[in-house]
Amino acid sequence: MSLTNFWAYLRERFPVVNMALFAILFGTVFTVAGRVGGQPLGLGWGEIVGMAATISFFFRLRVFDEIKDFASDAVLHPGRVLQSGRVTLAPLRALAWAGALLEVGWSASRGLPAVLGWAALLGYSLLMRYEFGAPAWLRARLLLYAFTHMLIMPLVIGWLWLAYAPAGRFGAEGGSLLALLSLLGGFAFELARKIRTPAAERAGVDSYSRSLGYGGAVAAVLAVLLAGAGVQAQLLARLGAGWGAFGLLAALLLTTVAAYGTALARPREALVRAAEKLVSLALLTSYVGVIVSGQQVL
């Protein structure tokens, strides 16, 4: 596998913007959990490695998906880097499991609780890899399939939290809110990226707009997004955030609701994709807002 082809694969299936989001996710947990633990907020080499470990974990999830979906993607997306043979599964698997050594090594440097958190996370990811032993049953129930896979997000938060926060201070000190925010934010993004206008639906390609109806899928993503905003507001209040943070949250929500409202009134794929980007922006802003607000003591 050449570096050129690998870079092409990353740009297509695991772009730098995704890596940056996972690094920010690490920073969000580090900020809140580190403050709870009375630790300084400055980033050192340990935190840089922790970001790399977080990115590595999500890269392995991507490889797991590539393995599960390889046959169907070969039919539906034959031009992709992997499906066209420029990159093969074997080196991707090797890289994914090499990353596991980095993850467990970093976890060990943070103590036994972090190692146990990582082990639980790894175990759940393997259940996802094999689709909980019921792939056909789960894939016929798209919402349930998505929810079971989104449960990985609170486990990621728990792993990183155990690396920095004192034991026994998860629920009362913001960890549970972070876990719920990650679940709802991830679920909103998952819903948004698989909504299509009726004219853009493709045979053989799953979508929430196909299973719930176009209007139902839009209503679902907005409901989950608003629920996530409620959790974020609670977390920001706990962190003592200023009105600017709440104003930005409200502005993003109103803009996203307006975009989906326009897409409902005039179903156009370009509008739906623009709304999807707003959901991504809301997710990113939620984490950055927590990091900025977390400079104050809980």
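Per residue of the chain, what 222 nm ellipticity follows from adding -39500 (n - 2.57) for every DSSP H run with n ≥ 4, rounded to the nearest 500?
Helix contribution divided over all residues of the chain: -26000 deg cm²/dmol.
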- Message: With only alpha-carbon atoms in the gyration tensor, what are the semi-axes of the equivalent ellipsoid for the range 10-84, in Å, largest first?
- Response: 35, 11, 9
- Query: Which of the peptides 85-95, 53-63 is most tightly packed, and how do the rest follow, going by the mean number of other Cβ atoms within 10 Å of each residue?
  - Reply: 53-63, 85-95
- Note on the structure: For residue 276, the net charge from surrounding residues (Cβ-Cβ under 10 Å; K, R +1; D, E -1) works out to +4
- Item | Three-way shape call for the range 96-243 based on the alpha-carbon gyration tensor, with the a/c threshold at 1.5 | oblate
- Query: Quick one: Cα convex hull volume of the range 174-298, Å³ per residue?
  - Reply: 85 Å³
- Cα pair distances of the range 1-168 binned at 5 Å [whole percent]: 2, 8, 15, 19, 18, 16, 11, 7, 3, 1, 0
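Going by how many other beta carbons lie within 10 Å of each one, how would you line up 137, 118, fewest first?
In order of increasing Cβ crowding within 10 Å: 137, 118.
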- Using only alpha carbons, build the gyration tensor for the chain and give me the equivalent ellipsoid semi-axes, biggest first, whole Å. 30, 27, 17
- Listing 68, 194, 277 by rising number of other beta-carbon atoms within 10 angstrom, fewest first, gives 277, 68, 194
- Query: From largest to smallest, what semi-axes in whole angstrom does the range 212-265 give when each is the square root of 5 times an eigenvalue of its alpha carbon gyration tensor?
  - Reply: 26, 13, 4
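Values in this text are rule-based calculations from the coordinates and carry no lab data. What you see is a predicted model, and the numbers here were worked out from it, not measured in a lab. Neighbour counts run over all protein chains shown; Cβ positions are idealised from the backbone, glycine included.
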